[in-house]
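Reviewing the structure listed below.
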Amino acid sequence: MLVLVSVTLNFPLAKIAKDAKDANIVEGDITKLEVDAIVNAANTSLLGGGGVDGAIHRAAGPELLEETRRIGGCPTGEARVSKGYRLPARWVIHTVGPVWKGGHGNEDGLLAGCYRNSLLEAVRIGAKSAAFPSISTGAYGFPLERASEIALTETRKFLETDDTLKQVIFVCFGQTASGSLYPRPQYE
């Protein structure tokens, strides 16, 4: 069973996440979730930064920085795994989203790769639950609605062929992402 707990959308969620049993728009802090793995919207160095990346590094403690130094970086669209250390999550899946360049630099394909590769890593490490932030929609400037559609489409396609993950959560932070500026979809 796939559970999408929160999403950032301005179009019908049920059309994209047709296997969802529960679909709500919720604002939250990904560093507080008790899931097997959380996904970090990282930079290529994996050494921490602003936004969700900085929040995850602060919450996990200095051990995360030590491990990500040993990992040695991550190219855009790929994913790497570390321990969660002081986080409730056992693992952190670091993925590097694309910087928005007007849609002319394969940004959609790279962002889709972030979700696919993060889901593959979650399965590889045996995670049954994973939580995603909104990748690339902060400082990297990817349009929120477009990124949301890519995230849900890639997740749905992945889960149609794999049933390892039992729960996928999309965590929104901030008023725009949580839905205060986007109406909640109506379901029949």
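Details
- The length gained on full extension between Arg69 and Lys157, counted as 0.36 nm times the residue separation minus their Cα-Cα distance, comes to 28.4 nm.
- Simple label model, 7 Å out from Cα along Cβ direction - Lys166 to Lys32, nm: 2.4 nm
- Potential extension, Ile125-Ser45 segment - 0.36 nm per residue separation minus Cα distance: 26.6 nm
- Computed extension length for Arg86-Glu145: 18.0 nm, one decimal, from 0.36 nm per residue of separation with the Cα-Cα distance subtracted.
- Region 35-84 and region 86-142: distance between their alpha carbon centers, rounded to Å: 11 Å
FYI, it's all coordinate maths here, none of it is from the lab. Everything quoted here is computed from the prediction, not taken from an experiment. Neighbour counts run over all protein chains shown; Cβ positions are idealised from the backbone, glycine included.
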